[in-house]
Amino acid sequence: MSIIATIKDKIANAIDNLYQQKIAIHEIQINETKQEFNGDYTLVTFPLTKILRKKPDEIASELGAYLIKNDSLFVAYEVIKGFLNVTISPNYYFDFLKNNYLNQNLGFAAPNQKKVMIEYSSPNTNKPLHFGHLRNIFLGHSVAAIMKQAGYEIIKANLINDRGIHICKSMIAWQLFANGETPKEANMKGDHFVGRYYVMYNDEFKKQVKQLIEEGRSEEDAAKNAPIFIQAQQLLRQWEAGDQETILLWKRMNEWVYEGFYATYEKMGITFDKFYYESNTYLLGRDFVMKALANGVLFEKEDKSIWIDLQDEGLDQKLLLRGDGTSVYITQDIGTAVLKYNDYKMDTSVYVIGDEQNYHMQVLKLILQKMKEPCADGIYHLSYGMVELPSGRMKSREGTVVDADDMIDEMKAIAQKNTEELGKVQNFSEPQLAELYTQLGLGALKFYLLRVDPKKKMMFNPQESIDFHGFTGPFIQYGHTRICSILKKATIQNFEINQAIEMSLAEKNILKLVEQYPTVVEQAATEMNPSLIGNYVYQLVKQFNSFLVDHSILKAEQEDIMKFRLQLCMICKHIISNSLFLLGIDAPEQM
RNA sequence: GGUCCCGUAGUUCAAUGGAUAGAACGAAAGUUUCCUAAACUUUAGAUACAAGUUCGAUUCUUGUCGGGACUACCA
């Protein structure tokens with residue numbers, strides 16, 4: 001049990017004994033004591049005043065005195081303005097460290113029999129990945145790792161949006177402008193190559209629209225009648241009709257894109273257990289829609305289009321099937337949701353999708369609930385904020401994007417530059433150096449995107465490169481290497497301490513954080529929020545660095561103190577490397 | 001128009017309704033004969049505005065101002 005839970009328990013007990021009152025655990029509020037006061041944890045007594053009909057200070061004093069007298073866990077208390085600050089016995093932390101410094105499972109929970117699918121990345125196959133996608137990918141990867149460690153069975157899924165008008169746009173542009181050129185001939189990564197034609201499509205489209213408007217057409221009319229748009233639509237119809245030539249081109253161009261994506265995923269250390277392709281699933285939703293229509297959940301309009309009425313839920317009417325019987329976006333999603341459930345029967349199905357689709361996901365869940373599909377209640381939209389540039393949102397169509405591959409390369413280059421300037425890895429071979437640059441570059445990038453609460457939108461300024469100092473990935477990685485360096489130089493084998501030692505405030509502060517690690521992981525899993533891990537591990541490393549300044553480890557005053565500090569190093573090393581792992585970041589041993 | 005989200009130091013981010021609102025970058029000053037200075041230590045600097053609920057509000061409610069998303073028979 002965590003120390004906070006223990007304290008709550010003991011206080012509930014004390015209240016029962018002192019005042020003959022049963023109090024629910026959640027009524028007891030424990031905070032960490034602020035730096036400027038004496039103590040480790042603080043009971044806020046205000047909420048108890050109503051129940052106990054006593055003044056805050058009275059409650060605090062009586063409880064404090066009782067705890068000190070009856071429980072060796074507490075060694076001191078102080079009452080300030082209704083707050084009861086208690087000091088935890090160093091022995092508690094001493095024992096905690098003794099029992100856990102070799103525990104490689106600290107922060108791991110037992111399996112909880114819950115199965116969770118996490119869908120993330122889910123790219124369109126018409127353009128390369130950009131910086132915004134990276135937030136999605138790193139988030140999904142990290143949440144999967146965190147939840148797995150918290151005891152869930154995890155399926156990592158990627159739903160590839162490989163069909164639709166946007167793909168046809170790249171296809172038509174390639175047909176018109178490429179002269180049969182391949183990525184190899186252009187010496188480009190496949191996804192970038194295809195993305196180039198997507199941009200060409202949009203340039204041409206704009207040109208044509210402008211011309212039509214000059215000829216006197218309205219803007220809306222021009223957009224609908226631009227020849228290249230008509231051609232793209234024609235390609236989509238041909239694709240849906242199964243036209244050989246169109247399908248072949250589609251397959252060919254998608255292969256180019258996949259090759260590029262897989263290379264990027266591999267570079268970033270991102271993996272999936274299951275791929276779904278929209279080209280396989282886009283027809284599945286129709287049957288469910290028809291079934292629901294028969295059950296009276298949906299209604300049909302005069303033109304045979306099929307709708308759901310969500311006005312009772314505060315939303316609008318929503319189209320599910322066009323009058324001509326073809327699917328729309330949400331029709332596909334209904335089908336895919338059911339398919340996923342049939343494949344895995346998971347308890348929860350997480351969708352890592354930007355908050356621009358909040359409405360869409362709300363509708364999707366509601367529809368499935370109304371259809372009484374068993375997958376419905378497990379649907380959870382892990383909604384994250386967009387990454388914005390100083391100039392506003394990233395939009396592929398408008399070319400205002402920061403490319404993912406470029407970004408990774410740039411981060412590696414910065415890692416290399418910094419490393420060379422510091423000159424601390426002269427013993428490394430070329431491949432080792434290359435690996436280190438990747439670890440540090442990706443570490444900086446991933447941490448940068450994961451340290452912010454996923455729900456919140458975040459700003460990225462490409463003019464200011466991502467830092468390697470302060471609250472960053474490399475700072476954490478550096479903390480890890482310093483510990484590794486010390487442990488490598490330690491000569492003793494036996495870390496058993498003979499006599500209890502007196503620990504300093506700095507040491508106790510580190511142990512306080514160490515003890516909280518399992519709780520932090522659990523909370524990050526419950527909230528699906530990796531930033532909690534990022535913030536936590538940063539605190540820990542900062543405490544540790546500050547401890548290192550005035551505490552000698554290998555030249556400690558006594559052998560027992562050295563052993564104690566080495567134990568401290570070992571447990572911190574585990575937590576730091578494990579925290580980084582949960583964020584998808586490698587922890588090098590030397591940098 | 002309707003629905004929803006967001007306004008915290010110069011900048012980027014923290015803060016289950018709790019004490020004197022924390023960090024980082026940037027700015028100013030300092031620390032290395034000693035386990036990695038990618039580090040550490042100081043200093044200056046913020047809750048958009050106005051009411052309300054509360055013992056207590058950055059947090060909850062309402063209004064004002066400012067920003068954003070969604071509201072397609074696009075995906």
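The set of residues from the stretch A:523-554 being in a loop (DSSP other than H, G, I, E, B) and more than 6 Å from RNA strand B (Cβ to nearest atom) comprises A:MET528, A:ASN529, A:PRO530. Kindly indicate the residue of the stretch A:7-57 that is surrounded by fewer than 20 Cβ atoms within 10 Å (Cβ to Cβ) and among the basic types (Lys, Arg) and also nearest to A:GLU78 (Cα to Cα) among those meeting that condition. Step by step, filter the stretch A:7-57, then rank; the result is A:LYS34.
Every test in (1) crowded, with 17+ Cβ neighbours inside 10 Å; (2) touching a Phe, Trp or Tyr at 6+ places or on another chain (Cβ under 8 Å) is passed by A:TYR384 save one, and that test is (2). Within the stretch A:379-438, the set of residues being of a type in the set (Val, Ile, Thr) and in contact (Cβ under 8 Å) with a residue 24 or more places away in the chain comprises A:ILE379, A:VAL387, A:VAL401, A:VAL402, A:ILE408, A:ILE414, A:THR419, A:VAL425, A:THR438. A single member of A:ASN31, A:ASN85, A:ASN124 is under 30 Å from A:SER396 (Cα atoms) and within 9 Å of RNA strand B (Cβ to nearest atom), and it is A:ASN124. A search for C-beta distances below 9 Å between a residue of the stretch A:262-279 that is closer than 15 Å to A:ASP162 by Cα and any residue that is in a helix (DSSP H, G or I) and of a type in the set (A, V, I, L, M), counting only pairs 6+ apart in sequence or on different chains, returns A:TYR276/A:LEU339.
Listed here are the residues, each with its yes/no results for (1) touching a Gly at 6+ places or on another chain (Cβ under 9 Å); (2) acidic (Asp, Glu).
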position: A:GLU421; (1), (2): no, yes
position: A:LEU436; (1), (2): no, no
position: A:ARG451; (1), (2): yes, no
position: A:ILE466; (1), (2): yes, no
position: A:THR472; (1), (2): yes, no
position: A:CYS484; (1), (2): no, no
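Restricting attention to the stretch A:415-469, report how many residues are at pLDDT 95 or above and in contact with a Pro (Cβ under 7 Å, 6 or more places away or on another chain). Count: 7. Residues in the stretch A:43-78 that are farther than 15 Å from A:ASP16 by Cβ, of a type in the set (Val, Ile, Thr) and within 14 Å of RNA strand B (Cβ to nearest atom) were compared, and the one that is farthest from the chain's Cα centre (by Cα) is A:THR49.
Among all residues of the stretch A:89-105, there is none that is surrounded by 15 or more Cβ atoms within 10 Å (Cβ to Cβ), within 14 Å of RNA strand B (Cβ to nearest atom) and more than 30 Å from the chain's Cα centre (by Cα). Against the criterion of being crowded, with 22+ Cβ neighbours inside 10 Å and at pLDDT 95 or above, A:ALA110 does not qualify. For the stretch A:341-396, the tally of residues that are of a type outside the set (S, T, N, Q) and farther than 30 Å from A:SER465 by Cα stands at 29. In the set A:ASN461, A:ASN498, only one residue is more than 7 Å from RNA strand B (Cβ to nearest atom) and assigned to a loop (DSSP other than H, G, I, E, B); that residue is A:ASN498.
Filtering the stretch A:234-247 to residues that are over 21 Å from A:GLY180 (Cα atoms) and either within 38 Å of the chain's Cα centre (by Cα) or basic (Lys, Arg) (or both) leaves A:ARG237, A:GLU240.
A single member of A:GLY132, A:GLY64 is buried (at least 16 other Cβ atoms within 10 Å of the Cβ) and at pLDDT below 95, and it is A:GLY132. Filtering the stretch A:464-495 to residues that are assigned to a helix (DSSP H, G or I), buried (at least 19 other Cβ atoms within 10 Å of the Cβ) and more than 7 Å from RNA strand B (Cβ to nearest atom) leaves A:GLY473, A:ILE476, A:GLN477, A:GLY479, A:HIS480, A:ILE483. Sort out which residues of the stretch A:165-212 are without any contact (Cβ under 8 Å) to a residue 24 or more places away in the chain and of a type in the set (S, T, N, Q), and write them in order of number. A:ASN179, A:ASN187, A:GLN208, A:GLN211 - these are the residues of the stretch A:165-212 that are without any contact (Cβ under 8 Å) to a residue 24 or more places away in the chain and of a type in the set (S, T, N, Q).
Across the stretch A:555-591, what is the total count of residues that are among the polar types (S, T, N, Q), in a helix (DSSP H, G or I) and closer than 30 Å to A:TYR265 by Cα? Selection size over the stretch A:555-591: 3.
All of (1) assigned to a helix (DSSP H, G or I); (2) within 25 Å of A:LYS127 (Cβ to Cβ); (3) within 20 Å of the chain's Cα centre (by Cα) hold for A:ASP406 with one exception: (3). When the stretch A:283-296 is filtered for residues that are in contact (Cβ under 8 Å) with a residue 60 or more places away in the chain and either in contact with a Lys or Arg (Cβ under 6 Å, 6 or more places away or on another chain) or not in a helix (DSSP H, G or I) (or both), only A:ASN295 remains.
Residue-level check: of (1) within 13 Å of RNA strand B (Cβ to nearest atom); (2) part of a helix (DSSP H, G or I); (3) over 27 Å from A:GLY441 (Cα atoms), A:LEU511 misses just (1).
The values are calculated or read from the model by the stated rules, or taken from the named source; none is laboratory data. Keep in mind that what you see is a predicted model, and the values were worked out from it rather than measured. In this analysis, Cβ positions are derived from the backbone assuming ideal geometry, glycine residues included, and neighbour counts consider all displayed protein chains.
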